[in-house]
Amino acid sequence: MVKTIFAELAQLEALIAQLGERARTEVVRRIQYQQHSFPIYSIVMGSAREDVPVLAMVGGVHGLEKIGSEVILSYLQTIVQLLDWDEEFAGRLERSRLVFIPVVNPVGVFRGTRSNGNGVDLMRNAPIEGKGNTKLYSGHRVSSRLPWYRGAMGQMEVEALALCQVVQKYVCNAPLSIALDLHSGFGIQDRLWFPYASSKVPFPGIAEAHALKHSFDTCYPNHFYKIEPMSHEYVINGDLWDYLYDGFMQSNPRQGHFLPLTLEMGSWLWLRKSPLHLFQRHGLFHPLLPHRQQRILRRHFTLFDFLYRSLLYPKKWTQLDEMELTRHKQQALRLWYA
Ligand SMILES: [Zn+2]
């Protein structure tokens, strides 16, 4: 086996060693690239029961946006420490599950590319077509040498399959779950995107998404996230979360809720103060100054904690009566789809 050769993977493996028996770690798949064999790890913590809520976090789908992986590693670092003394946190884990895939696209992170080793943009790789005004960046099959290449028709990449496998096995089987996929690079504001990415049609969980936003807005009135359906900004082909969500809705035997969210960290803000970083490979997607990176690594912990608590105590956003459902749906339609 080839030794670990990039920082994020080394850090992940050190964390896995520290977690030891307190987590269930798997190598979901291995990716062969040049002389290397890169593992895709999943880490599962907490209850193995099927009826507990689940929070999942995914990073490094786009390798160039490795800050997503680093934020998850930073959160895992905190969890490793909490497990030593915080009984309240241990209690939470007994009635819930945490699932992490910190580095979905190890070859992309290793090379500093958006795509995987085959030149495929994993977030354009699902068998799902965008509806409406799609552009080149929506995903195409022109050439793997252009960004946003979807891959060959009918063929899902190993990394995409690994992500789907873990989400279907540990997340979608729960009565209530949220998946948070961390990206960077779009605009100057941090955005929290919910489905759909492939269509401007409201997704079935719109009332619950609005109720959760309302709860977040009232608990943290000074938060800095723009919360919206991803299709508000652009429509894409092959979105893995739309694919997983639709799959979940087709079976969904428990009449449960699964809310896939994308955290798109507004990295252009980091550039505004150091515009010359634009000319470095990671400049548009990664904070290059240490103090700025530190700030990003802790910036979203309030959000993570809010989502986790909303899963443990979901009454306000998942158990809506007829009147509340109608009200949240109408407000959502007005806010996002007018
Ligand atoms: Zn991305």
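Some notes on this structure:
- The helices (runs of 4 or more DSSP H) located wholly in segment 61-111 that include 1 or more residues which are within 16 Å of the ligand (Cβ to nearest atom) and under 16 Å from residue 23 (Cα atoms) occupy 67-85.
- The set of residues in segment 63-106 being touching a helix residue (DSSP H, G or I) at 6+ places or on another chain (Cβ under 7 Å) and closer than 20 Å to residue 165 by Cβ consists of 63, 69, 97, 99, 100, 101, 102, 103, 104, 105, 106.
- Selected residue (only one of 292, 327 is farther than 18 Å from residue 57 by Cβ, part of a helix (DSSP H, G or I), charged (D, E, K, R) and at pLDDT 95 or above): 327
- Scope segment 18-38; condition without any contact (Cβ under 8 Å) to a residue 60 or more places away in the chain, assigned to a helix (DSSP H, G or I) and open to solvent by 80 Å² or more (accessible area, probe 1.4 Å); matching residues: 21
- Any hit, segment 155-167, residues being over 24 Å from residue 37 (Cα atoms) and not in a strand (DSSP E or B): no
- Verdict on residue 274 being away from the ligand (no atom under 15 Å from the Cβ), over 16 Å from the mean Cα position of the chain (by Cα) and buried (at least 17 other Cβ atoms within 10 Å of the Cβ): no
- For residue 154, the criteria (1) open to solvent by less than 60 Å² (accessible area, probe 1.4 Å); (2) away from the ligand (no atom under 16 Å from the Cβ); (3) at pLDDT below 95; (4) not charged (D, E, K, R) hold in every case but one, which is (1).
- Residues in segment 39-60 that are more than 16 Å from residue 10 (Cα to Cα) and in a strand (DSSP E or B): 44, 45, 46, 54, 55, 56, 57, 58.
- Residue match in segment 124-140 (condition: part of a helix (DSSP H, G or I) and in contact with a helix residue (DSSP H, G or I) (Cβ under 8 Å, 6 or more places away or on another chain)): yes
The values are calculated or read from the model by the stated rules, or taken from the named source; none is laboratory data. All values reported here derive from a predicted model rather than from experimental measurement. Reconstructed Cβ throughout: ideal geometry from the backbone, glycine too, with neighbour counts over all protein chains shown. Please note that ligands, DNA and RNA were not included when accessible areas were found on the heavy atoms of the full protein model with its side chains. Shrake-Rupley method; radii C 1.70, N 1.55, O 1.52, S 1.80 Å.
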